[in-house]
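Structure record follows, encoded as structure tokens.
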Amino acid sequence: MAIIIEDGTGVANANSLTTDAEFVAYAALKGYSIPATEAGRDVLQVNAYDFINFTYESRLQGSRVKPQIQTGILPRNYMYAYDVLVANTSIPQDFKNAQMLASFSINAGVDTNAVKTDANLASFTVVGVYSETYQDGSSTPTLAQMPAVSKVLRPYTKAGAN
């Protein structure tokens with residue numbers, strides 16, 4: 001499998017924001033273990049690319065530049081970060097970092113298709129009889145939680161713009 005890199009021009013069939021060389025260098029810098037083969041690393045990057053696209057599309061400012069061609073959320077029109085308009089021909093390094101961080105999480109065993117079947121537990125008691133209390137209005141999220149990815153992408157979201 002070969003990855004196809006989105007470079008900011010709206011590449012058809014793109015499935016990654018980062019090259020294998022970028023991924024290997026970032027993993028070494030951060031001290032993460034990754035697969036020894038490029039094919040194994042490509043699988044992580046493609047899955048992380050999908051996770052970022054599916055999870056953050058609705059949260060981001062702006063819109064895709066070429067929605068009929070693009071397979072991912074970048075490049076985008078009308079997206080600001082740090083009070084500066086992001087060029088609609090660029091792939092900000094933060095998005096590359098987010099994809100690589102998501103790749104590390106997936107490699108560590110995070111299942112991006114997992115389903116949580118229980119509501120959020122508020123408390124439990126084990127004094128003679130077991131009991132549980134759930135948080136009011138808690139839901140059962142189906143998406144993996146990757147706080148580092150969310151923090152990196154926050155400046156580009158609608159919430160981060162406020």
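The values are calculated or read from the model by the stated rules, or taken from the named source; none is laboratory data. All values derive from a computational prediction rather than experimental measurement. Glycine also receives a Cβ, built like all others from the backbone with ideal geometry; neighbour counts cover every protein chain displayed. To get the accessible areas, we keep the full protein, side chains included, count just its heavy atoms, and leave off ligands, DNA and RNA. Shrake-Rupley method; radii C 1.70, N 1.55, O 1.52, S 1.80 Å.
Does Thr125 meet the test of being open to solvent by less than 60 Å² (accessible area, probe 1.4 Å), of a type in the set (Val, Ile, Thr) and modelled with pLDDT under 95? Taking the combined requirement at face value, the residue does not satisfy it.
Please go through (1) touching a strand residue (DSSP E or B) at 6+ places or on another chain (Cβ under 6 Å); (2) assigned to a loop (DSSP other than H, G, I, E, B) for Tyr49 and return the number of the only condition it doesn't satisfy. Unmet condition: (2). With respect to Ser90, is the statement that it is out of contact with any Asp or Glu (no Cβ under 7 Å at 6 or more places or on another chain) and at pLDDT 95 or above true? Criteria met by Ser90. Scanning region 80-102 for residues that are open to solvent by 10 Å² or more (accessible area, probe 1.4 Å), in a helix (DSSP H, G or I) and within 14 Å of Asn15 (Cα to Cα) yields a single hit, Lys96.
One residue stands out in region 1-18 among those that are touching a helix residue (DSSP H, G or I) at 6+ places or on another chain (Cβ under 9 Å) and polar (S, T, N, Q): the one that is most open to solvent (accessible area, probe 1.4 Å), namely Asn15.
Residue by residue, here is whether (1) crowded, with 18+ Cβ neighbours inside 10 Å; (2) at pLDDT 95 or above holds:
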position: Ala21; (1), (2): no, yes
position: Lys30; (1), (2): no, yes
position: Pro35; (1), (2): no, yes
position: Glu38; (1), (2): no, yes
position: Leu44; (1), (2): yes, yes
position: Ile52; (1), (2): yes, yes
position: Thr55; (1), (2): yes, no
position: Leu60; (1), (2): yes, yes
position: Tyr78; (1), (2): no, yes
